[in-house]
Every structure is written in structure tokens, then in C-alpha cells.
1. Could you list, ordered by first residue, the pairs with Cβ atoms under 7 Å in which the first is in the stretch 96-118 and among the hydroxyl-bearing types (Ser, Thr, Tyr) and the second is open to solvent by less than 40 Å² (accessible area, probe 1.4 Å), at least 6 apart or interchain?
2. Counting only residues that are farther than 17 Å from Ala197 by Cα and of a type outside the set (A, V, I, L, M, F, W, C), how many does the stretch 165-183 have?
3. Could you count how many residues in the stretch 92-105 are buried (at least 17 other Cβ atoms within 10 Å of the Cβ), outside any loop (DSSP other than H, G, I, E, B) and touching a Gly at 6+ places or on another chain (Cβ under 9 Å)?
4. Out of (1) without any contact (Cβ under 8 Å) to a residue 24 or more places away in the chain; (2) among the basic types (Lys, Arg); (3) assigned to a loop (DSSP other than H, G, I, E, B), the odd one out for Lys86 is which?
5. Any chance you could count how many residues in the stretch 17-41 are free of Cβ contacts under 8 Å to residues at least 60 places away in the same chain and under 26 Å from Met147 (Cα atoms)?
6. How many residues does the stretch 120-131 hold that are buried (at least 20 other Cβ atoms within 10 Å of the Cβ) and within 26 Å of Val217 (Cβ to Cβ)?
7. Take Leu127 and tell me if it is under 22 Å from Pro84 (Cα atoms), touching a residue at least 60 places away in the same chain (Cβ under 8 Å) and hydrophobic (A, V, I, L, M, F, W, C).
8. Being open to solvent by 60 Å² or more (accessible area, probe 1.4 Å), modelled with pLDDT under 95 and not hydroxyl-bearing (Ser, Thr, Tyr) narrows it down to one of Asp192, Asp215, so name that one.
Amino acid sequence: MTNLEKNQKYCEAIESKIKLDAKPVAMKLIKTEDDLPEGYDLIDEKVRHCEMVRKASLGNKFYSTLEEQMCLGGAGAIGLRDMPPKLANGEKYFSLGRFQNLETAKKLTSQLSIVEDEHWGIVYAPLDEADFEADVIEIITEPVGGMKLAQSIVYKTGEKITPSFAGIQSLCGDAFANPYITDGINFTLGCDGSRKAADIKDNEMTVGISAAKIDEVISGLDSI
């Protein structure tokens, strides 16, 4: 079975059990331009990673390098550059009034999920059009969809799920970097940036699933 056929099967299983207003999104980090799959054009605008996820969920397929990433914090989280120093040390979020003091901000930012290995680019596609093995699949859904995904996970594991999120760096850190790093699954409630820039609705959340876990999730969905 080709990667495209697998991804179409995954997408069909997800869409049959979960209410979606947009497609699940497949993403893959690439080390060099030579690793770029055929048939993908460079995105023709400079936007945030979360906006790129939204564009792919609406049917677009493309790739991005660092140059096309508007949000440097998002680009740092997904492994296209180092995290900007003022984000890494908490100064930026403290200046935005998100924390009671700089120490608290730094405590949180030291725990953010960040892909440490630097990559040349990242490929985005609707899951059912992706002809590559995704590093991470992101699903934007209502909480009831998140519930069903949670049920599909515990069906096999018998263990409660422990999401990791903080209301910042949601689609980049929580839903991409965390599953990528842990070979796991993560649930996130979004952030101000993704809700404003990427139009994540008030009644939507995002689930990130690693390549290592997608078969387990699909098997669980098929069984519940």
C-alpha cells in the first residue's frame, strides 16, 4: 500500500467517526531540498505555521522554508530555526501580561515543546492528498471529536491521557512538536495566535498524532 493509499484510509476512518469542518492535515519536516516530495510548490505568501495548517485543512498542499514563516516562535517550535531568545527566556510573554512575573514566564517557556534538530523545510497537505509518510497529523475538531479520539486511544492502552498545553504555542508546539518529540499524541485547546490568525473557532480544539501512533488511533476508532 502506498503512502497516499494509507493516508486516504486514515482520513476515511477519521471522517467516518469524527465531526470535521476541514480535513486532517499531514505534515513532514525535511532536512534538505533534495528530500522534498515531488508535486509540492513553495507557498506564495509569508504567514504563520498555524495559518499554513489551516490552509492545508481547507485543501491546499505546499511546502514552506523558514523564509515563509511569519511567526518566529512557531518556526522555532517546529524545528526550522532556534527559538528567539526573548521567547525562550520568557521576556516576550511576560511583556504581554501573560505571567505574574518574569520568573514564572521563564518557568513555563522552559517547558515548551520544541523540535531541537534544525530542518530546511516542512511539507503540508490535506491528509487524503498526502503521498508522504507524515511526521504528525493534526486534527481540528470540536471537543466531542477530541473525546472520540481519546476513546480510541484508551481502547488499546487502558491508560488515562495526560495532555500538555499552556494556551500558548498551540498548533506549533503542542500539536506538532510535542507528538513529534514524544512519538505520542497531544491534545491542545488553542492559543490567541491560532484563534486569531488561523481562525481556530471558539468551539474547536486540535489533536496532534505522531506517525508512531496513527495506526493505533485508527484501529481504536474502527473498534469503538
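1. So the pair list comes out as Thr109/Leu87; Thr109/Gly90; Thr109/Tyr93; Ser113/Ala77; Ser113/Gly173; Ser113/Asp174; Ser113/Ala177; Ser113/Asn178.
2. Of the residues in that region, 5 qualify.
3. Within the stretch 92-105, residues that are buried (at least 17 other Cβ atoms within 10 Å of the Cβ), outside any loop (DSSP other than H, G, I, E, B) and touching a Gly at 6+ places or on another chain (Cβ under 9 Å) number 2.
4. It is condition (3) that Lys86 fails.
5. Qualifying residue count, the stretch 17-41: 0.
6. 7
7. no
8. Numbers: Asp215 fails: modelled with pLDDT under 95.
The conditions single out Asp192.
The values are calculated or read from the model by the stated rules, or taken from the named source; none is laboratory data. Since the model is a prediction, treat every value here as computed from it, not as a measurement. Quick reminder, even Gly has a Cβ in these numbers, built from the backbone with ideal geometry, and neighbours come from all protein chains shown. These area figures cover heavy atoms from the full protein model, side chains too; ligands, DNA and RNA do not enter into them. Shrake-Rupley method; radii C 1.70, N 1.55, O 1.52, S 1.80 Å.
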